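Just below is one structure, and these are the notes that go with it.
The values are calculated or read from the model by the stated rules, or taken from the named source; none is laboratory data. In this text, all values refer to a predicted model and were calculated from it rather than measured experimentally. Cβ: placed from backbone, ideal geometry, glycine included. Neighbour counts: every protein chain shown. Quick note on the areas: whole protein, heavy atoms, side chains included, nothing else; ligands and nucleic acids left out. Shrake-Rupley method; radii C 1.70, N 1.55, O 1.52, S 1.80 Å.
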Amino acid sequence: EAQVTQNPRYLITVTGKKLTVTCSQNMNHEYMSWYRQDPGLGLRQIYYSMNVEVTDKGDVPEGYKVSRKEKRNFPLILESPSPNQTSLYFCASSRRTDGFNQPQHFGDGTRLSIL
Amino acid sequence: GENVEQHPSTLSVQEGDSAVIKCTYSDSASNYFPWYKQELGKRPQLIIDIRSNVGEKKDQRIAVTLNKTAKHFSLHITETQPEDSAVYFCAANLGFQKLVFGTGTRLLVSP
């Protein structure tokens, strides 16, 4: 089954304790992206990657890091989490075709609470 | 950069009525406009998308219209059903594969 898998689905942690949210897709998609969803603000892009070793900032990258060492994986790293990073996070992936945007497929989400 | 505004923020209709959600965008270079449906506690799922080379696209009870001159696009749902109740998001691209989302519309369809 084609899917985007995120782990963990839920996490409660404390300020300053480094954490990683993993994202893996089995569709051989070139493009992957991370979003955060907050009430009244919709989905805001954190980072995206057009292919292996190619990443770029989205609209709200502060406090986050990403890496893309393999095509299927795109982990989101919070080096020193703070309470304002409490949010619902989604990973997404899509094919990349030159000249055309393709539909993005979303994971089930990760709800992070940082105390 | 791109800015996408979405209205209304909430919409209540009776079952069988039509629902219309409107979005405007700012970047005239945007050429891809997807719509996502998100049920409570679930992931956003693509329901329909449109590219700038067409003005309208339909899929059963769902249609999307695009006015490039005015830089707005709309989602139309006809014969609404209770299972259409969800949050709907519009989006516009900024370059290849960078999407900017609207703030969402909560649609409630009452039986």
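The table for this structure:
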read-out: Yes/no for B:Glu15 being modelled with pLDDT under 95, touching a strand residue (DSSP E or B) at 6+ places or on another chain (Cβ under 7 Å) and acidic (Asp, Glu); value: no
read-out: Residue satisfying all of: in the range A:40-53; in a loop (DSSP other than H, G, I, E, B) and within 9 Å of chain B (Cβ to nearest Cβ); surrounded by the most Cβ atoms within 10 Å (Cβ to Cβ) among these; value: A:Leu41
read-out: Criterion (assigned to a strand (DSSP E or B) and of a type in the set (Asp, Glu)) met by exactly one of A:Asp108, A:Asp56; value: A:Asp56
read-out: Flag if B:Thr105 is within 11 Å of chain A (Cβ to nearest Cβ) and open to solvent by less than 40 Å² (accessible area, probe 1.4 Å); value: yes
read-out: Pairs with Cβ under 8 Å, 6+ apart, first in the range B:42-67 and free of Cβ contacts under 8 Å to residues at least 24 places away in the same chain, second open to solvent by less than 70 Å² (accessible area, probe 1.4 Å) and acidic (Asp, Glu); value: B:Lys42/A:Asp108; B:Arg43/A:Asp108; B:Lys57/B:Asp49
read-out: Enumeration of residues in the range B:88-98 that are open to solvent by less than 10 Å² (accessible area, probe 1.4 Å) and at the interface with another protein chain (Cβ under 7 Å from one of its Cβ atoms); value: B:Phe89, B:Asn93, B:Gln97
read-out: Only one of B:Ser30, B:Ser18, B:Ser9, B:Ser85 that is among the hydroxyl-bearing types (Ser, Thr, Tyr), open to solvent by 60 Å² or more (accessible area, probe 1.4 Å) and closer than 24 Å to A:Tyr35 by Cα; value: B:Ser9
read-out: Residue satisfying condition, being out of contact with any Lys or Arg (no Cβ under 6 Å at 6 or more places or on another chain), within 30 Å of A:Val54 (Cα to Cα) and touching a residue at least 12 places away in the same chain (Cβ under 8 Å), within set B:Val109, B:Val4, B:Val20; value: B:Val4
read-out: Any hit, the range B:55-65, residues being more than 14 Å from chain A (Cβ to nearest Cβ), open to solvent by 60 Å² or more (accessible area, probe 1.4 Å) and either part of a strand (DSSP E or B) or touching a His at 6+ places or on another chain (Cβ under 7 Å) (or both); value: yes
read-out: Hey, A:Ile77 more than 29 Å from B:Glu5 (Cα to Cα), without any contact (Cβ under 8 Å) to a residue 60 or more places away in the chain and open to solvent by less than 40 Å² (accessible area, probe 1.4 Å) or not; value: yes
